[in-house]
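Here's the structure we're looking at; comments come further down.
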Amino acid sequence: MERRNFAAPAKETWGGCQKVRCPYCDHPESKVIDSRESKNGLCIRRRRECLSCKKRFTTYEKIEEIPYMVVKKDGRRQPFDSQKLLRGLLKACEKRPVPLAKLEEIVDEVESKLQDRTDKELAASKIGQLVMKRLKALDKVAYVRFASVYREFKDVVEFKQELESLLKEK
């Protein structure tokens, strides 16, 4: 059977509650089979079954909060995007033996730092430093890859200096 092409099941409001449409047949009603809190307690995973086609699918519920803002080098502010950070980490760790769970831990740590702040803003440089510190302990190659983009190495000399400082630490 052909699956509908959208990221999350559509929701419609009905009597103050939201119904979740089936991603397979677009039926507006489903029942919850199982609910579990995520490891970090930030979201709820629900397994659902469509009342029409009987296929099962998963939804995630996350509390909507005031967006945390990242202050860029040029002073611009943009909402923190955990998926963007994870994509950057995945790129740095491409073809490296780094488990996805470890990268998700780094993203969760950054998110926690943002949540702990009273002003809901954090400089991109602070995020980069935190990520590089964790990557350095996790995988040196991934660290250098991430650092080369984050620190905007201008030439091979800057890259070489970073590698030499890593070698001195051994």
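Only the coordinates and a few stated rules stand behind these numbers; no lab work does. Because the structure is predicted, anything quoted here is derived from the model rather than measured. No Cβ is skipped: glycine too gets one built from the backbone with ideal geometry, and neighbour counts run over all protein chains shown.
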* How far is helix 82-92 tilted off the main Cα axis of the chain, in degrees rounded to 10, range 0 to 90? -> 50 degrees
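So what is the 222 nm mean residue ellipticity for the chain from helices alone, if each DSSP H run of at least 4 adds -39500 (n - 2.57) and you divide by all residues, rounding to the nearest 500 deg cm²/dmol? Walk me through the numbers before you get to the answer.
On the way: 5 runs with 68 residues, N = 170.
It comes out at -13000 deg cm²/dmol, rounded to the nearest 500.
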* To do: Post the alpha-carbon centroid distance, segment 24-48 to segment 74-133, in whole angstrom.
  => 26 Å
* **Helix axis angle, 156-169 relative to the chain longest principal axis, alpha carbon, degrees** => 90 degrees
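For segment 91-170, state which GluC sites (Glu not before Pro) are in a DSSP loop and have at most 11 other beta carbons lying within 10 Å of their beta carbon.
Numbers: sites: 94, 104, 105, 109, 111, 121, 152, 158, 162, 164, 169; in loops: 94, 152.
The qualifying sites are 94, 152.
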* Asked: Placing +1 at every Lys and Arg Cβ and -1 at every Asp and Glu Cβ, with all other atoms neutral, what dipole size does segment 69-169 have around its Cα centre, in debye to the nearest 20?
  -> 180 debye
* Structure fact -> Set 91/168; 73/160; 39/62; 39/126, cut-off 18 Å on Cα-Cα distance; pairs above it are 91/168; 73/160; 39/126
* the chain: translational diffusion in µm²/s, Stokes-Einstein, Kirkwood Rh over Cα pairs, 20 °C, 1.002 mPa s -> 112 µm²/s
* Spatial extent of segment 105-170: Rg and Dmax, with the Cα atoms as the point set, Å -> 13.6, 40
* Asked: Along the positive direction of the dipole of the chain (beta-carbon charges: Lys, Arg +1; Asp, Glu -1; about the Cα centre), which of 32, 127, 149 reaches farthest?
  -> 32
* Structure fact -> Checked against the positive end of the charge dipole of segment 25-125 (+1 on Cβ of Lys and Arg, -1 on Cβ of Asp and Glu, about the Cα centre), the farthest of 83, 52, 70 is 52
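Only counting other Cβ atoms within 10 Å, I'd like 167, 122, 86 sorted with the fewest neighbours first. Write down the numbers at each step before the final one.
Numbers: 167 9, 122 19, 86 16.
Least to most surrounded, the residues fall as 167, 86, 122.
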* Stretch gain in nm, segment residue 129-residue 84, where the contour uses 0.36 nm per residue and the Cα spacing is subtracted -> 14.6 nm
